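Step one of this worksheet: look at the structure below.
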Ligand code: SF4
Ligand code: SF4
């Protein structure tokens, strides 16, 4: 009976798609048997992808709404299902592993033995998955780099969607939680290279939800700005969804742990599928060849040129501005990349762009 439940869960997680969707390997079952207890697995299998009321989900499982609600609330507090508050009541939905369960479950920064075990099992599953499936080819960017605005050279075009402050100014509710990649690495006892963990940001309704249920916390606009300054100083890359009008999160990514950056660096020309639309330019009069920018550059896109001034490999450069924020001489400024396309406006436009490029 229990075995049948987890086999059904495999089919459910396959159908939800996304990176690391269900795969019939022993590492999948080792992970999901720890993630979901049998009654949670049963509820998960009944959850639709679109938000549904408790009565509908309860009817599918033959449980009372009260009983189903209790299990779902427990799951929601661990990031195992999605929750939306509507005027008509709370709605629940099934989540894929990514984006979804893997990110949500570590937001609260808990460090119990359960989380440590799950962090190890997720890693083992991802590695086994990649061995079977190979590296996923990225044909169209789902995510986008947001450049460090103060590094952009005067006279260049800066769209509002190019500026992190746009998102902080726009939303009243800003939530902050643990970067799931670095939190998972911490739980596995890995080196964090001095990178901060509790710095990933959420905006609007989703931020409220994550702060209420998953252990994130609400921050003021001032604190949000301070956090972003700290991220820039540490050399983290601001990253969000590749849309202009529907941004509800801002990750601050590093080269060692970030799932997205890791996948992108495996592509033949990483800078083409993950970019801000800006290139660094170097002032040879100011540069003292200290190589700080070369050390800070997350995709290793810089090398020292013959004139003792760094040169950039645009096939690798993300346009993040991390080199410019670290330059002690102020010798680097970001300039518009010629011909860079305007990102899709909405999530629907992004999905259409993804479909037409696949
Ligand atoms: S950090 Fe600045 S001064 Fe140092 S090598 Fe890079 S551009 Fe030159
Ligand atoms: S050279 Fe490196 S640090 Fe500078 S913008 Fe490009 S990717 Fe970022």
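Taking R0 as 30 Å, what's the FRET efficiency between residue 221 and residue 85 from their Cβ-Cβ distance, rounded to 0.05? Could you put the intermediate results ahead of the total?
Details: r = 23 Å, r/R0 = 0.77.
Efficiency for this residue pair is about 0.85.
The Kirkwood radius of the chain, taken over pairs of alpha-carbon atoms, gives through the Stokes-Einstein law at 10 °C and 1.306 mPa s a diffusion coefficient of 73 µm² s⁻¹. Taking the Cα of residue 137, stepping 7 Å toward and past its beta carbon, and measuring to each backbone N in the stretch 260-274: which are under 16 Å? It comes to 264, 266-270, 272-273, nothing else. Site pair residue 66 and residue 24 shows an inter-label distance of 4.2 nm when each label is modelled 7 Å from Cα along Cα→Cβ. Taking a quarter of the surface of the Cα convex hull of the stretch 206-358 gives a mean projected area of 11.0 nm².
Here r is the Cβ-Cβ distance between residue 34 and residue 315 and R0 is 41 Å; the resulting FRET efficiency, rounded to 0.05, is 0.55. Model label points for residue 329 and residue 169, set 7 angstrom from Cα along the Cα-to-Cβ axis, are 3.4 nm apart. Counted residue by residue at 0.36 nm each, then reduced by the alpha carbon distance between them, the extension gain from residue 124 to residue 337 reaches 72.8 nm.
Taking the Cβ of each residue in 293, 253 as the centre, tally the other Cβ atoms inside 10 Å and list the residues starting with the fewest. Don't skip to the answer; put the middle values down first.
Numbers: 293 25, 253 28.
Least to most surrounded, the residues fall as 293, 253.
Of the peptides 277-287, 149-159, the order by per-residue mean of other Cβ atoms within 10 Å, starting with the highest, comes out as 277-287, 149-159. Here the Debye sum runs over all C-alpha atoms of the stretch 1-102 as equal scatterers in vacuum, and log10 of I(q)/I(0) at q = 0.17, 0.22 Å⁻¹ comes out as -0.71, -1.19. Add -39500 (n - 2.57) for each DSSP H run of 4 or more in the chain, then divide by its residues: what number comes out at 222 nm, to the nearest 500 deg cm²/dmol? Theoretical 222 nm ellipticity from helices: -11500 deg cm²/dmol.
For 125, 140, 180, the sequence from fewest to most other C-beta atoms within 10 Å is 140, 125, 180. Normalising the average separation of contacting C-alpha pairs (under 8 angstrom, six or more residues apart) by the number of residues puts the relative contact order of the stretch 2-133 at 28 percent. Here the stretch 155-216 and the stretch 260-285 have alpha carbon centers that stand 21 Å from each other. Here the simple spin-label model places points 7 Å from the Cα toward Cβ, and for residue 1 and residue 295 these points are separated by 6.2 nm. When peptides 327-334, 186-193, 302-309 are sorted by average Cβ neighbour count within 10 Å, with the highest value leading, the order is 327-334, 186-193, 302-309.
Here, each number is a calculation from the coordinates, and none is a lab measurement. No experiment lies behind these values; they were computed from the predicted model shown. Because the Cβ atoms are built from the backbone with ideal geometry, glycine has one as well, and the counts that use them run over all protein chains shown.
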